[in-house]
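Structure, as structure tokens:
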Amino acid sequence: MGVWDVTGGLSRTARIVVTDRQYADSENVSGRYSRGFPGHPGTYEVTEPGEVGEVLEVAAASVAELDGGGGFVCMCQGEFTFALYDAADRCIRTVDRHGPLPLLDPADPASLPGRHRAAWATRAPEPLRRYAQEWARGDRTATGAVTSSDGDLSTLAPLTTVLSWLGTPPSGIDAARRLARLAPLALLDGATTGALERAVRRSDRAGLDGAVEFFASEHFTARHPKRRRVGATTRDLLIRHANAHRPQHVAVLERRLLRAAEDRVVS
């Protein structure tokens with residue numbers, strides 16, 4: 001096999017799936033990080049043409065080194081794996097890259113993950129944008145102010161806003177997608193169950209999507225049983241919405257949302 005020519009057949013590459021073993025983060029329900037960069041996924045996609053070209057240059061150099069016969073093949077299969085796909089979504093080739101790589105280092109704002117994280121923070125709701133920017137920089141202590149009432153939106157974000165933020169998925173599955181889930185979940189963790197119930201009853205479609213995800217997640221189900229008791233109105237609303245839009249969460253909601261005595265209310 002000769003040296004890989006990026007300008008040849010592999011110029012058909014339309015997207016790249018990056019598997020990252022160097023910087024990927026692992027996180028448990030209590031929010032403690034054991035390795036890697038906070039909120040950085042182990043797998044993500046690169047789809048913007050200019051960014052695809054940047055990764056292809058790195059991958060081409062790796063293939064040239066290996067195909068030239070002088071490359072060292074690590075038994076760990078490389079810290080990075082690039083899976084290249086064409087416009088028809090056919091995998092053209094996979095390439096391993098061993099060792100640190102600044103282009104994919106999430107701590108570097110100029111890297112691809114750094115750009116993805118910054119773009120995600122820019123799209124955050126205005127009351128939560130500074131909080132998102134802290135998460136994008138990898139600040140593990142970032143905190144945000146939330147309220148269950150209609151406060152001053154310049155400084156406070158209602159829980160309905162947080163639920164909608166969680167329920168609005170990022171475009172594609174880029175290197176910020178874990179942040180898009182972890183950052184709002186961290187805010188919801190600190191809310192009382194009663195405040196969350198009130199927010200659920202006032203939420204839009206995106207907010208209900210986020211609420212179903214939160215109430216079905218370990219972030220809620222790990223709470224003490226007394227803090228998992230919700231009224232019939234909230235429980236029915238969440239299960240109905242999950243049945244219609246997120247059926248994979250129905251069984252968990254039915255099992256983990258404990259019943260509490262409550263007059264049925266309409267808000």
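The values are calculated or read from the model by the stated rules, or taken from the named source; none is laboratory data. All values reported here derive from a predicted model rather than from experimental measurement. Quick reminder, even Gly has a Cβ in these numbers, built from the backbone with ideal geometry, and neighbours come from all protein chains shown.
Screening segment 205-262 for residues that are of a type in the set (D, E, K, R) and in a strand (DSSP E or B) and picking the one that is modelled with the highest pLDDT gives Arg229.
Listed here are the residues, each with its yes/no results for (1) in a loop (DSSP other than H, G, I, E, B); (2) surrounded by 15 or more Cβ atoms within 10 Å (Cβ to Cβ); (3) at pLDDT 95 or above.
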position: Ala110; (1), (2), (3): yes, no, yes
position: Tyr131; (1), (2), (3): no, yes, no
position: Gly144; (1), (2), (3): yes, yes, no
position: Ser171; (1), (2), (3): yes, no, no
position: Ala180; (1), (2), (3): no, yes, no
position: Leu188; (1), (2), (3): no, yes, no
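Among the residues of segment 170-216, the one identified as hydroxyl-bearing (Ser, Thr, Tyr) and farther than 21 Å from Gly231 by Cα is Ser171. If you check Leu196 against the conditions, is it crowded, with 20+ Cβ neighbours inside 10 Å and within 23 Å of Pro125 (Cβ to Cβ)? Yes; evaluated as a whole, the condition is true for this residue.
Pairs linking a residue in segment 234-253 that is closer than 16 Å to Ala199 by Cα to a residue that is in a helix (DSSP H, G or I) and acidic (Asp, Glu), with Cβ atoms under 7 Å and 6 or more positions apart or on different chains, are Thr234/Glu197; Ile239/Glu254. Scanning segment 199-233 for residues that are within 18 Å of Arg246 (Cα to Cα) and free of Cβ contacts under 8 Å to residues at least 60 places away in the same chain yields a total of 18.
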